1. So, A67, is that one assigned to a helix (DSSP H, G or I), in contact with a Lys or Arg (Cβ under 9 Å, 6 or more places away or on another chain), among the aliphatic types (A, V, I, L, M) and modelled with pLDDT of 85 or more or not?
2. Taking the condition farther than 18 Å from S21 by Cα, among the polar types (S, T, N, Q) and in a helix (DSSP H, G or I), does T48 pass?
3. Can H95 be described as modelled with pLDDT of 90 or more, surrounded by 18 or more Cβ atoms within 10 Å (Cβ to Cβ) and over 10 Å from the mean Cα position of the chain (by Cα)?
4. Only one residue in K137, K83 is within 22 Å of A43 (Cβ to Cβ), at pLDDT 90 or above and among the basic types (K, R), so which one is that?
5. Which pairs have Cβ atoms under 6 Å, sit 6 or more apart or on different chains, and link a residue in the range 29-48 that is acidic (D, E) to one that is surrounded by 17 or more Cβ atoms within 10 Å (Cβ to Cβ)?
6. Conditions first: (1) buried (at least 21 other Cβ atoms within 10 Å of the Cβ); (2) in contact with a His (Cβ under 9 Å, 6 or more places away or on another chain); (3) farther than 21 Å from A54 by Cα. L64 passes all but one, so which condition is the exception?
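The values are calculated or read from the model by the stated rules, or taken from the named source; none is laboratory data. Everything numeric in this text was worked out from a predicted model, so none of it was measured. In this analysis, Cβ positions are derived from the backbone assuming ideal geometry, glycine residues included, and neighbour counts consider all displayed protein chains.
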Amino acid sequence: MTNEIAEMSIALETIESAGLSVPALADFHEGLAMMEAGQGRAAVDALTRCVQQAPAFPAGHVWLGIAHAVTCNVYPAIDHLEKAAELAPDNFAAHYTLAKYYFTLRIPHKGYESAERALECAVNGQQRIALSQLLQKERERERNGMARPLFNRKFGVGFGMVAAGAIAAFLCAILVHLR
(Lines give C-alpha, C1' and ligand atoms only; values in the text may rest on other atoms or scores of the structure.)
Protein backbone atom coordinates (compact mmCIF):
# COMPACT_ATOMS: atom_id res chain seq x y z
CA MET A 1 0.00 0.00 0.00
CA THR A 2 2.87 2.41 0.73
CA ASN A 3 4.23 1.74 -2.76
CA GLU A 4 0.90 2.78 -4.27
CA ILE A 5 0.89 5.95 -2.15
CA ALA A 6 4.41 6.79 -3.31
CA GLU A 7 3.41 6.26 -6.94
CA MET A 8 0.30 8.39 -6.42
CA SER A 9 2.38 11.23 -4.95
CA ILE A 10 4.71 11.06 -7.97
CA ALA A 11 1.67 11.10 -10.23
CA LEU A 12 0.25 14.11 -8.39
CA GLU A 13 3.54 15.97 -8.76
CA THR A 14 3.41 15.20 -12.48
CA ILE A 15 -0.16 16.50 -12.60
CA GLU A 16 0.78 19.75 -10.93
CA SER A 17 3.69 20.25 -13.30
CA ALA A 18 1.51 19.42 -16.33
CA GLY A 19 -0.50 22.62 -15.86
CA LEU A 20 -3.97 21.07 -16.00
CA SER A 21 -7.04 23.22 -15.88
CA VAL A 22 -8.98 23.25 -12.62
CA PRO A 23 -12.01 21.36 -14.04
CA ALA A 24 -9.74 18.68 -15.57
CA LEU A 25 -7.90 18.28 -12.28
CA ALA A 26 -11.21 18.06 -10.39
CA ASP A 27 -12.49 15.39 -12.80
CA PHE A 28 -9.21 13.48 -12.44
CA HIS A 29 -9.45 13.49 -8.63
CA GLU A 30 -13.13 12.50 -8.84
CA GLY A 31 -12.21 9.60 -11.14
CA LEU A 32 -9.51 8.40 -8.74
CA ALA A 33 -11.94 8.65 -5.82
CA MET A 34 -14.53 6.64 -7.76
CA MET A 35 -11.89 3.98 -8.56
CA GLU A 36 -11.00 3.71 -4.86
CA ALA A 37 -14.70 3.42 -4.01
CA GLY A 38 -15.11 0.59 -6.52
CA GLN A 39 -17.43 2.53 -8.82
CA GLY A 40 -15.84 1.80 -12.18
CA ARG A 41 -18.58 3.25 -14.39
CA ALA A 42 -18.56 6.59 -12.52
CA ALA A 43 -14.76 6.61 -12.71
CA VAL A 44 -14.91 6.11 -16.48
CA ASP A 45 -17.29 9.06 -16.80
CA ALA A 46 -15.16 11.39 -14.67
CA LEU A 47 -11.87 10.35 -16.26
CA THR A 48 -13.38 10.67 -19.74
CA ARG A 49 -14.27 14.29 -18.95
CA CYS A 50 -10.71 14.82 -17.69
CA VAL A 51 -9.16 13.39 -20.86
CA GLN A 52 -11.51 15.42 -23.06
CA GLN A 53 -10.40 18.60 -21.32
CA ALA A 54 -6.70 17.60 -21.27
CA PRO A 55 -6.04 15.19 -24.16
CA ALA A 56 -2.24 15.37 -23.69
CA PHE A 57 -2.39 14.19 -20.06
CA PRO A 58 -0.78 10.71 -19.85
CA ALA A 59 -1.86 9.90 -16.28
CA GLY A 60 -5.48 10.60 -17.26
CA HIS A 61 -5.22 8.12 -20.12
CA VAL A 62 -3.57 5.49 -17.89
CA TRP A 63 -6.29 5.72 -15.24
CA LEU A 64 -9.05 5.87 -17.84
CA GLY A 65 -7.60 2.72 -19.40
CA ILE A 66 -7.56 1.00 -16.02
CA ALA A 67 -11.13 2.15 -15.32
CA HIS A 68 -12.26 0.77 -18.68
CA ALA A 69 -10.57 -2.53 -17.88
CA VAL A 70 -12.33 -2.69 -14.51
CA THR A 71 -15.66 -2.24 -16.28
CA CYS A 72 -14.72 -4.99 -18.79
CA ASN A 73 -14.24 -2.63 -21.74
CA VAL A 74 -10.92 -4.13 -22.78
CA TYR A 75 -10.39 -2.53 -26.17
CA PRO A 76 -11.05 1.07 -25.04
CA ALA A 77 -8.71 0.29 -22.13
CA ILE A 78 -5.96 -0.74 -24.52
CA ASP A 79 -6.59 2.32 -26.71
CA HIS A 80 -6.13 4.69 -23.77
CA LEU A 81 -3.08 2.85 -22.46
CA GLU A 82 -1.50 3.00 -25.91
CA LYS A 83 -2.27 6.72 -26.04
CA ALA A 84 -0.63 7.18 -22.62
CA ALA A 85 2.44 5.25 -23.79
CA GLU A 86 2.57 7.43 -26.90
CA LEU A 87 2.29 10.66 -24.88
CA ALA A 88 4.82 9.56 -22.26
CA PRO A 89 7.15 6.87 -23.64
CA ASP A 90 8.87 6.59 -20.24
CA ASN A 91 5.64 5.76 -18.39
CA PHE A 92 6.17 2.38 -16.68
CA ALA A 93 2.53 2.02 -15.63
CA ALA A 94 1.24 2.36 -19.19
CA HIS A 95 3.66 -0.18 -20.65
CA TYR A 96 3.29 -2.64 -17.77
CA THR A 97 -0.51 -2.53 -17.86
CA LEU A 98 -0.51 -2.89 -21.64
CA ALA A 99 1.72 -5.97 -21.35
CA LYS A 100 -0.60 -7.42 -18.73
CA TYR A 101 -3.70 -6.93 -20.89
CA TYR A 102 -2.02 -8.24 -24.04
CA PHE A 103 -1.00 -11.38 -22.18
CA THR A 104 -4.56 -11.73 -20.85
CA LEU A 105 -5.92 -11.41 -24.39
CA ARG A 106 -3.42 -14.04 -25.59
CA ILE A 107 -1.47 -11.64 -27.81
CA PRO A 108 1.99 -12.58 -26.52
CA HIS A 109 4.12 -10.84 -29.14
CA LYS A 110 2.59 -7.45 -28.27
CA GLY A 111 2.77 -8.33 -24.58
CA TYR A 112 6.49 -9.02 -24.79
CA GLU A 113 7.05 -5.78 -26.74
CA SER A 114 5.23 -3.78 -24.05
CA ALA A 115 7.09 -5.64 -21.30
CA GLU A 116 10.41 -4.78 -22.94
CA ARG A 117 9.46 -1.08 -23.05
CA ALA A 118 8.30 -1.31 -19.42
CA LEU A 119 11.68 -2.73 -18.44
CA GLU A 120 13.38 0.25 -20.08
CA CYS A 121 11.12 2.56 -18.02
CA ALA A 122 11.53 0.75 -14.68
CA VAL A 123 13.20 3.05 -12.15
CA ASN A 124 13.18 0.92 -9.00
CA GLY A 125 13.47 -2.66 -7.89
CA GLN A 126 9.78 -3.05 -7.12
CA GLN A 127 8.85 -2.28 -10.71
CA ARG A 128 11.43 -4.76 -12.01
CA ILE A 129 10.13 -7.43 -9.60
CA ALA A 130 6.52 -6.85 -10.69
CA LEU A 131 7.55 -7.08 -14.34
CA SER A 132 9.59 -10.23 -13.81
CA GLN A 133 6.64 -11.84 -11.99
CA LEU A 134 4.35 -10.96 -14.90
CA LEU A 135 6.80 -12.45 -17.41
CA GLN A 136 7.32 -15.53 -15.26
CA LYS A 137 3.56 -16.07 -15.05
CA GLU A 138 3.21 -15.68 -18.82
CA ARG A 139 6.03 -18.13 -19.57
CA GLU A 140 4.48 -20.64 -17.17
CA ARG A 141 1.13 -20.29 -18.90
CA GLU A 142 2.80 -20.75 -22.29
CA ARG A 143 4.55 -23.93 -21.10
CA ASN A 144 1.36 -25.44 -19.69
CA GLY A 145 -1.05 -24.18 -22.32
CA MET A 146 -1.92 -25.24 -25.82
CA ALA A 147 -0.04 -23.74 -28.74
CA ARG A 148 -2.25 -21.20 -30.46
CA PRO A 149 -1.79 -19.77 -33.94
CA LEU A 150 -0.72 -16.13 -33.93
CA PHE A 151 -1.90 -15.08 -37.41
CA ASN A 152 0.62 -12.25 -37.36
CA ARG A 153 2.21 -13.14 -40.71
CA LYS A 154 0.81 -12.67 -44.18
CA PHE A 155 -0.01 -15.73 -46.23
CA GLY A 156 2.73 -16.73 -48.68
CA VAL A 157 2.60 -17.42 -52.41
CA GLY A 158 2.38 -21.17 -51.80
CA PHE A 159 -0.78 -20.78 -49.77
CA GLY A 160 -2.27 -18.55 -52.47
CA MET A 161 -1.60 -21.14 -55.16
CA VAL A 162 -3.08 -23.96 -53.08
CA ALA A 163 -6.16 -21.85 -52.27
CA ALA A 164 -6.59 -20.87 -55.95
CA GLY A 165 -6.27 -24.53 -56.99
CA ALA A 166 -8.85 -25.61 -54.42
CA ILE A 167 -11.30 -22.94 -55.57
CA ALA A 168 -10.77 -23.92 -59.23
CA ALA A 169 -11.35 -27.59 -58.39
CA PHE A 170 -14.49 -26.70 -56.45
CA LEU A 171 -15.86 -24.65 -59.37
CA CYS A 172 -15.07 -27.45 -61.84
CA ALA A 173 -16.87 -29.96 -59.60
CA ILE A 174 -19.93 -27.71 -59.51
CA LEU A 175 -19.92 -27.29 -63.32
CA VAL A 176 -19.58 -31.07 -63.87
CA HIS A 177 -22.37 -31.74 -61.39
CA LEU A 178 -24.73 -29.26 -63.09
CA ARG A 179 -24.39 -30.94 -66.51
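1. On the way: assigned to a helix (DSSP H, G or I): yes; in contact with a Lys or Arg (Cβ under 9 Å, 6 or more places away or on another chain): yes; among the aliphatic types (A, V, I, L, M): yes; modelled with pLDDT of 85 or more: yes.
So A67 passes the test.
2. Numbers: farther than 18 Å from S21 by Cα: no; among the polar types (S, T, N, Q): yes; in a helix (DSSP H, G or I): yes.
Answer is no for this residue.
3. On the way: modelled with pLDDT of 90 or more: yes; surrounded by 18 or more Cβ atoms within 10 Å (Cβ to Cβ): yes; over 10 Å from the mean Cα position of the chain (by Cα): no.
Here the answer is no, as H95 does not meet what is asked.
4. Details: K137 fails: within 22 Å of A43 (Cβ to Cβ).
Within the list K137, K83, the selection yields K83.
5. Every condition considered, the pairs that remain are E30/A46.
6. Of the numbered conditions (1) buried (at least 21 other Cβ atoms within 10 Å of the Cβ); (2) in contact with a His (Cβ under 9 Å, 6 or more places away or on another chain); (3) farther than 21 Å from A54 by Cα, the odd one out for L64 is (3).
Residue-by-condition table, conditions (1) exposed (fewer than 12 other Cβ atoms within 10 Å of the Cβ); (2) of a type in the set (S, T, Y):
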position: Q127; (1), (2): no, no
position: S132; (1), (2): no, yes
position: V157; (1), (2): yes, no
position: A168; (1), (2): yes, no
position: H177; (1), (2): yes, no
